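See below for the structure under consideration.
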Amino acid sequence: MRRVSLALAALLVTTVPVVSAQPPAAAATAADLAFIDTGIENASPLWYERGEDGAYLVHLLYDHERNAPNRAAGHIHFRLVGRAGARLTLEFVNLDNVWNGRPGSVAPELKTIATSADGELWTTVPTVALPGNRVRVTLTMPGDTLYVARMQPYQLSDLDRLVTKARGSAHAEVTTIGTTVQGRPLEIVRIGREDAPHRVFLRARAHPWESGSSWVMQGLVDRLLRDDAEAARWRAAFTVYVLPMANKDGVARGGTRFNVNGKDLNRNWDRPADPVLVPENAALERWLEALIARGRRPDLAIELHNDGRGLLHLSRPPVPGLTEHLARMARFEAILRARTWFTEGHTEGDFRNSGTLGDGWLERYGIDALVHELNANWVEGRKAYTSATLWQEYGASLPAVFEEYLRTTRR
């Protein structure tokens, strides 16, 4: 028995130094970041590694378009888990996107990052651009977790709360027009009298990363549902149809641009939608054509997006009355500038982006339609970083724009 005990004691003595062999300084550094959590709602698909200089290289995974060279990576949303007080440098890589068959990079547009200790209250911080389409940001952990996002996220759970609110309002009607590829319902919220003399349609979130567009919709719907004299006047003068999240599947999986079949929901509107590959667009197309058949064609249609410039994209397909259409859009822009914080302007020259909703609805249905980009980094009209508060403020200011535009513009 004594021989066994001595042998066991010797084994214990020899194994202890192996367990504690790591230098204390290295152990402390490794503990600054325990891991990057991508198990949260709307999280980015990514992988990460430690760089030679101590920065964490965050490799965003691309969305790929079906039967095309196009790819996109730009959605950022994850949770850091680590040591309170730690200073962490993150470097975002895999930003070399391909748009419309042409190589490009999202790096020049990635100028800010939003952070939150609790996923509720968000702060925006600037990034640093590096050679080679790399972007860095250094953050201090306020506690043992920190949420990081491109902009303040707008998730399926946020949409569910908005739709529930609309369903419970006497001023709104929610219609399910179809489902996504993965079977999620697509809701259109109608606010205003169905027989009102004018109609406006808005769609957001065709591209999943562009959460600012959904926050604008939130502000618009909240404002129109109020029980005050202004809202009552607007609801009598025009009907607003809102599709607040076109690409639900993409939002759920943390995608950047395409639906789960690899299709861009803001393309191919110059032809009938394929109900198998893009059921989201096919459902909207059926709804629109039924609306037109009832004599309720929209007077104005706006497709909301986010990018790094924030322009109104006025497409110019070869259609009768294009000059008059552009004149009406100039009037709309002037009212936007007067009644909201919008300042950025519009695409010039002979710009055309064939197949976008703005282009396709004008060409196929004769609807005054445009794509409204919103700058993801900066609100020039407020001299401030973007935020959910400012997005919602913009949405709340749109009914006054619609009222003046519809009252003073003749077709």
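When region 191-207 is examined, which residues are found to be basic (Lys, Arg) and either surrounded by fewer than 24 Cβ atoms within 10 Å (Cβ to Cβ) or assigned to a strand (DSSP E or B) (or both)? Correct list: ARG193, ARG199, ARG203.
Annotation note: of LEU80, LEU88, the sole residue that is buried (at least 18 other Cβ atoms within 10 Å of the Cβ), assigned to a strand (DSSP E or B) and over 22 Å from the mean Cα position of the chain (by Cα) is LEU88. Looking at region 138-149, is at least one residue β-branched (Val, Ile, Thr), in a strand (DSSP E or B) and in contact with an Asp or Glu (Cβ under 9 Å, 6 or more places away or on another chain)? Yes, the conditions are met somewhere in region 138-149.
Exactly one of these conditions fails for LEU314: (1) under 30 Å from GLY381 (Cβ atoms); (2) hydrophobic (A, V, I, L, M, F, W, C); (3) surrounded by fewer than 17 Cβ atoms within 10 Å (Cβ to Cβ). Give me its number. Going through (1) under 30 Å from GLY381 (Cβ atoms); (2) hydrophobic (A, V, I, L, M, F, W, C); (3) surrounded by fewer than 17 Cβ atoms within 10 Å (Cβ to Cβ) one by one, LEU314 breaks only (3).
A quick yes/no check of all residues on (1) surrounded by fewer than 18 Cβ atoms within 10 Å (Cβ to Cβ); (2) outside any loop (DSSP other than H, G, I, E, B):
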site: PHE342; (1), (2): no, no
site: GLY358; (1), (2): no, yes
site: GLU363; (1), (2): no, yes
site: LEU390; (1), (2): no, yes
site: TYR394; (1), (2): no, yes
site: ALA400; (1), (2): yes, yes
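Taken residue by residue, region 328-341 has no member that is of a type in the set (A, V, I, L, M, F, W, C) and modelled with pLDDT under 95. Of all residues in region 61-72, those that are closer than 15 Å to GLY104 by Cβ have Cβ atoms under 7 Å from Cβ atoms of residues that are among the hydroxyl-bearing types (Ser, Thr, Tyr), 6 or more apart or on another chain, in ASP63/THR256; ARG71/TYR62; ALA72/TYR62; ALA72/THR256.
In the list VAL128, VAL98, which residue meets the criterion of being surrounded by fewer than 18 Cβ atoms within 10 Å (Cβ to Cβ) and over 23 Å from VAL251 (Cβ atoms)? Exactly one residue qualifies, and that residue is VAL128.
Checked against (1) in a loop (DSSP other than H, G, I, E, B); (2) at pLDDT 95 or above, ASN306 meets all criteria but (1).
Return the residues of region 246-301 that are assigned to a helix (DSSP H, G or I), small (Gly, Ala, Ser) and surrounded by fewer than 22 Cβ atoms within 10 Å (Cβ to Cβ); say none if nothing qualifies. Of everything in region 246-301, those that are assigned to a helix (DSSP H, G or I), small (Gly, Ala, Ser) and surrounded by fewer than 22 Cβ atoms within 10 Å (Cβ to Cβ) turn out to be ALA252, ALA282, ALA290, ALA293.
The values are calculated or read from the model by the stated rules, or taken from the named source; none is laboratory data. The structure presented is a predicted model; accordingly, all values stated were derived computationally and were not measured. Neighbour counts run over all protein chains shown; Cβ positions are idealised from the backbone, glycine included.
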